[in-house]
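K.L.:
So that we are looking at the same thing, I have put the structure below in structure tokens.
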Amino acid sequence: MTSINPVADYSVEGEVAIVTINSPPVNALSQGVREGLKLGVEKAEADPAVAATVILCAGRTFIAGADITEFGKPHAAPYLPDVLDAIENAKKPVVAAIHGTSLGGGFEVALTAHYRIAVPSARFGLPEIKLGLIPGAGGTQRLPRLVGPERALDVILSGTPFGARDAKDWGVVDALAEEGKLREDAIAFARRLVADKAPLNKVRDRDEKLAPARGKPEIFEAIRKANARKFRGFEAWEKAILSVKNAVELPFDQGIAEERAMFMALLGSTQSKAQRHLFFAERAAAKIADIGAETPTKPIHRVGVIGAGTMGGGIAMNFLSAGIPVTLVETSKEALDRGVAIIRRNYENTAKKGRMTLEQVVERMERLSLTLDFRALAEADLVIEAVYENMDLKKLIFEKLDGVAKPGAILASNTSYLDVDAIAATTKRPEDVLGMHFFSPANVMRLLEIVRGAKTSKSVLATVAALAPKIGKVGVTVGVCHGFVGNRMLAERQREAGKLILEGATPWAVDRVLADFGLPMGPFAMSDLAGLDIGWSAETSKGATIRDILCEEGRRGQKTGAGFYDYDEQRNAKPSAHVEAIIRAFAAAKGVAQREISDAEILERCIYPLINEGAKILEEGKAQRASDIDVVWVMGYGWPVYRGGPMFYADTVGLKTVLERLKDFQATFGDEFKPAALLEKLAAEGGTFSKA
Ligand code: 3H9
């Protein structure tokens, strides 16, 4: 074995050269890997003893894509297209031997080889769309030639990997190797190619899967139409469709050139920068400054959940799905029955959609124990309280839990606002207490705010942080403050939205502006969906707010057919002139003058105070880093990924601009807009939140 460079080795077995890439953790296509591949293949070409080449990767995976950390920085030769040319134009067959994940540029390397062999557990995909990109090294031109444009677009637009068996069925790989014997099988495969004088198969020359689609633009139109909602706001989707259409209609070299041009343009776009930022933000969120790998974690074999309402049920499902048994506790049989019926129905619906088998539904339900006896929680390693937001009730529950839970058990509250330290203080073991704030629907939303109390032990925090990915969540560690990170910032937006409608913007205008910005829905549509009467009581309501008036009239949101909007039978929303009149009268009674309000003002009034609050959260150390706040907003509140989260968005707008607008608003509307000191400081230094 000889070393080509620090990340690539070259060896020869019989007549087969093996170029091994070894660049942990994921063999991404850094300069060294590109160089290793090119020099390795060239060496094999020049070596008279060699008749075929195998490209193999060491470690846990084949090449997982371009090196994302290199994006946006000056690029050093050799460039990927030149590497791919060297592979494809080799005169001796090149075989890609694949294990782990062959993604993005890594899959494109494999598609350039003349043959592909993979172990059954290998996975393939073009996830560039998730980074606001399209494949930029031939993926949009070669994959359609192997599997047809529709299936290729399915892979490219979903960004979701597919398995080796599908790859074999679809003609993406030529052979399956035995699990764990990839090297031997790939060498044997290469030897057979030599013995059979097998041709140098170049995917670029294939046409049989493209020909049937030629002259049929309706194929692409149908894909656009079917996904219009999903694609809204994103730049890369349309480019991906266009590029695959090029594969069908243009000569290969022209298709490649166009693909490269679109890829490069997207690489420089704010959208792709935002999505790349989130890729690293999601991974950074898992790291907690003072907690290293040496911090011991506790085993979690059984979880207790207190409360079988919507939240409790959803929380329980996360653990049941991850194979962890759950004891669900309620105070009445009716509540327990209702809760368990919802869990079962949710699973059965998933099964109906084909995303789970009926056996899996049964398995999950069998992991669920139901009880009215609080003492059953004694068996649990982690107990999560999920009753409604009432401090007295939560304190009572934790006091009782303290007497029941086994020593060392983790005691968590799913509170979305309340003081976790005050809750912890009701127990004799505040070091075992923390917040686990799930987002509704808790079985779907990926965010988990992990609320670190003043006394929470490192081991308890490390355990919950490690548990988050096991139950499909991205855990973000936050400090104790009212509403933590997400709801504390949301309150700023809600306050301004409420003020804006009094000042003359309609609820539909506010909702439209925020939906156009890319949020799934605006605050008023959201209130209607959630129900205006959450936390409202008919007995104490005195028409003191617009919400009170609407609820008193029976307009309690979608469920009653009317709220801020009117709803038809299919729950389609229609603006209500009646509500506009209510708001006008209310504003007049309060002495608020109404005026025309521009879309720009609506957006800035709703978004900038939220960003300002994010800056205060950072100042106070309630979030570890600005990117954690971005993760919270993208995963928990539907902030558009192509805008990277509120703090990243502020960076793209420019902190000086955000600061100036806040100061304008402060001068007009008062100190609710007073800029955070951190924002003032960064704006003065020309800094950004990302680099703060
Ligand atoms: C592309 O290929 C463009 C081409 O079409 C055209 C080029 C011209 N680069 O996720 P993990 C790091 S676009 C740099 O925790 P897992 C990651 O940050 C690219 N670094 O592990 C983490 O670092 P740290 C298309 C990368 O086992 C560590 O590796 N490819 C890259 O759960 C471990 O990652 C993709 O989009 C990278 N490409 O999952 C694939 N990938 O430990 C992106 C990972 O410091 N990657 N890192 O936090 C993935 O989807 C997952 O990482 C993978 C492994 C499934 C591979």
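The values are calculated or read from the model by the stated rules, or taken from the named source; none is laboratory data. The structure presented is a predicted model; accordingly, all values stated were derived computationally and were not measured. As a convention, Cβ positions derive from the backbone with ideal geometry for all residues, glycine included, and neighbour counts pool all protein chains shown. SASA here: full protein model, heavy atoms, side chains in, ligands and nucleic acids out. Shrake-Rupley method; radii C 1.70, N 1.55, O 1.52, S 1.80 Å.
K.L.:
Compute the Cα gyration tensor for region 536-692, then decide on rounded, prolate or oblate, letting a ≥ b ≥ c be the square roots of its eigenvalues: rounded whenever a/c is under 1.5, prolate when a/b is larger than b/c in the other cases, and oblate in all that remain.
P.N.:
Prolate, because a/c is 1.5 or more and a/b exceeds b/c.
K.L.:
Please get the size of the charge dipole for the chain, origin at its Cα centre, with Cβ charges of +1 on Lys and Arg and -1 on Asp and Glu, quoted in debye to the nearest 20. Display every interim value, and only then the final one.
P.N.:
Numbers: 88 positive and 89 negative charges, 108 e Å.
With only Lys, Arg, Asp and Glu charged at Cβ, the dipole is about 520 debye.
K.L.:
Okay, moving on. At 1.4 Å probe size, with the rest of the protein present, what percent of the exposed accessible area of the chain is carbon and sulfur atoms?
P.N.:
Numbers: 15760 of 29290 Å².
The computed percentage sits at 54.
K.L.:
Right, here's the next one. Can you work out the accessible area per residue across the chain, with the rest of the protein chains kept in place, probe 1.4 Å, in square angstrom?
P.N.:
Numbers: 29290 Å² over 692 residues.
Averaged over the residues of the chain, the accessible area is 42 Å².
K.L.:
Want the number for ARG595 to PHE280: 0.36 nm per residue separation, take away the alpha-carbon distance, what's left? Please list the in-between numbers first.
P.N.:
On the way: separation 315, 0.36 × 315 = 113.40 nm, distance 4.34 nm.
109.1 nm is the gain from fully extending ARG595 to PHE280.
K.L.:
What FRET efficiency, computed as 1/(1 + (r/R0)^6) with R0 = 51 Å and r the Cβ-Cβ distance, is obtained for GLU179 and ALA585, rounded to the nearest 0.05? Mind dumping the intermediate values first?
P.N.:
Working: r = 72 Å, r/R0 = 1.41.
According to the calculation, E is roughly 0.10.
K.L.:
Can you compute the FRET efficiency between ARG512 and SER369 using 1/(1 + (r/R0)^6), with r the Cβ-Cβ distance and R0 = 45 Å? Round to the nearest 0.05. Walk me through the numbers on the way to the answer.
P.N.:
On the way: r = 47 Å, r/R0 = 1.05.
For R0 = 45 Å, the calculated efficiency reads 0.40.
K.L.:
As a test of reading the structure, rank LYS622, LYS239 by solvent-accessible area (1.4 Å probe, protein chains only), most first.
P.N.:
Result of the area sort, largest leading: LYS239, LYS622.
K.L.:
Now for a different question. Going 7 Å from the Cα of SER30 in the Cα-to-Cβ direction, what parts of region 40-58 have a backbone nitrogen less than 15 Å from that spot?
P.N.:
Zone members listed by number: 58.
K.L.:
Oh, and also: When a/c is below 1.5 the answer is rounded, else prolate if a/b is larger than b/c, else oblate, so apply that to the chain with a ≥ b ≥ c taken from the square roots of the Cα gyration tensor eigenvalues.
P.N.:
On the way: a/c = 1.98, a/b = 1.58, b/c = 1.25.
Verdict is prolate for the chain.
K.L.:
Still on this structure, I have one more. Roughly what would the spin-label model give for LYS574 and GLU294, points 7 Å off Cα along C-beta, in nm?
P.N.:
6.8 nm
K.L.:
Apply the Karplus parameterisation 6.51 cos²θ - 1.76 cosθ + 1.60, with θ equal to phi minus 60°, to every residue of region 230-244 and state each ³J(HN,Hα) to the nearest whole Hz, in sequence, with x for glycine and proline.
P.N.:
In residue order, the calculated couplings are 5, 7, 3, x, 7, 7, 6, 4, 4, 5, 5, 5, 4, 5, 5 Hz.
K.L.:
Quick one: putting +1 on the C-beta of Lys and Arg, -1 on the C-beta of Asp and Glu, what dipole do you get for region 2-267 around its Cα centre, in Debye to the nearest 20?
P.N.:
Rounded to the nearest 20 debye, it is 640 debye.
K.L.:
If you average the sequence gap of Cα pairs under 8 Å that are 6 or more apart and divide by the length of the chain, what percent do you get for the contact order?
P.N.:
Numbers: 1284 pairs, mean separation 60.6, N = 692.
Relative contact order of the chain: 9 percent.
K.L.:
Farthest toward the dipole's positive end in the chain, which of PHE189, ALA505, VAL50, given Cβ charges of +1 (Lys, Arg) and -1 (Asp, Glu) about the Cα centre?
P.N.:
My answer, from the dipole projection, is PHE189.
K.L.:
Something else now. How much of the DSSP bridge set in the chain is antiparallel, in percent, rounded to the nearest 5? Write out the running numbers ahead of the final one.
P.N.:
On the way: 22 of 66 bridges.
If I count the DSSP bridges inside the chain, around 35 percent turn out antiparallel.
K.L.:
Rounding to the nearest 20 debye, state how big the charge dipole of region 599-685 is about its Cα centre with +1 on each Lys and Arg Cβ and -1 on each Asp and Glu Cβ. Spell out each step's value before the answer.
P.N.:
Details: 10 positive and 15 negative charges, 27 e Å.
My answer is approximately 140 debye.
K.L.:
Something else now. Which value in nm describes the separation of the simple spin-label points at GLN666 and GLU13, placed 7 Å from the Cα toward the beta carbon?
P.N.:
6.9 nm
K.L.:
Moving on. Using a simple spin-label model with points 7 Å from Cα along the Cα→Cβ vector, what separation in nm is obtained for MET391 and VAL653?
P.N.:
Result for the modelled spin labels: 3.3 nm.
K.L.:
Continuing with the same structure: Using a 1.4 Å probe, how large is the accessible area of HIS301, given in Å² and rounded to the nearest 10?
P.N.:
130 Å²
K.L.:
Another one. Exactly which GluC sites (Glu not before Pro) in region 591-645 are in a DSSP loop and have at most 16 other Cβ atoms within 10 Å? Display every interim value, and only then the final one.
P.N.:
Values: sites: GLU596, GLU601, GLU604, GLU613, GLU619, GLU620; in loops: GLU596, GLU620.
Answer in residue order: GLU596, GLU620.
K.L.:
Please work out the FRET efficiency for the pair ALA335 and ASP253, using the Cβ-Cβ distance as r and a Förster radius of 60 Å; give the result to the nearest 0.05.
P.N.:
Values: r = 67 Å, r/R0 = 1.11.
That gives a FRET efficiency of 0.35.
K.L.:
Here is a follow-up. Pull out a ≥ b ≥ c, the square roots of the eigenvalues of the alpha-carbon gyration tensor of region 60-134, then state rounded if a/c is under 1.5, prolate if not and a/b is larger than b/c, and oblate in the remaining case.
P.N.:
Working: a/c = 2.23, a/b = 1.16, b/c = 1.92.
Here region 60-134 falls in the oblate category.
K.L.:
Of TRP639, TYR649, ILE629, which is farthest on the positive side of the dipole of region 599-685, counting Cα position, with +1 on Lys and Arg Cβ, -1 on Asp and Glu Cβ, and the Cα centre as origin?
P.N.:
Of TRP639, TYR649, ILE629, it is ILE629.
K.L.:
As a test of reading the structure, rank HIS75, HIS437, HIS99, HIS482 by solvent-accessible area (1.4 Å probe, protein chains only), most first. Could the numbers behind the result be given before it?
P.N.:
Details: HIS75 80, HIS437 10, HIS99 35, HIS482 125 Å².
Largest to smallest exposure gives the sequence HIS482, HIS75, HIS99, HIS437.
K.L.:
Distance check, please: which entries in LYS73/LYS239; LYS333/LYS428; LYS616/LYS691; LYS352/LYS574 exceed 26 angstrom between their Cα atoms? Provide the component values of the computation, followed by the final result.
P.N.:
Values: LYS73/LYS239 23 Å; LYS333/LYS428 31 Å; LYS616/LYS691 16 Å; LYS352/LYS574 32 Å.
Distance filter (> 26 Å) returns LYS333/LYS428; LYS352/LYS574.
K.L.:
Between SER121 and ALA58, what is 0.36 nm times their sequence separation minus the Cα-Cα distance? Round to one decimal in nm. Working shown, then result.
P.N.:
On the way: separation 63, 0.36 × 63 = 22.68 nm, distance 1.56 nm.
Full extension of this stretch gives 21.1 nm more.
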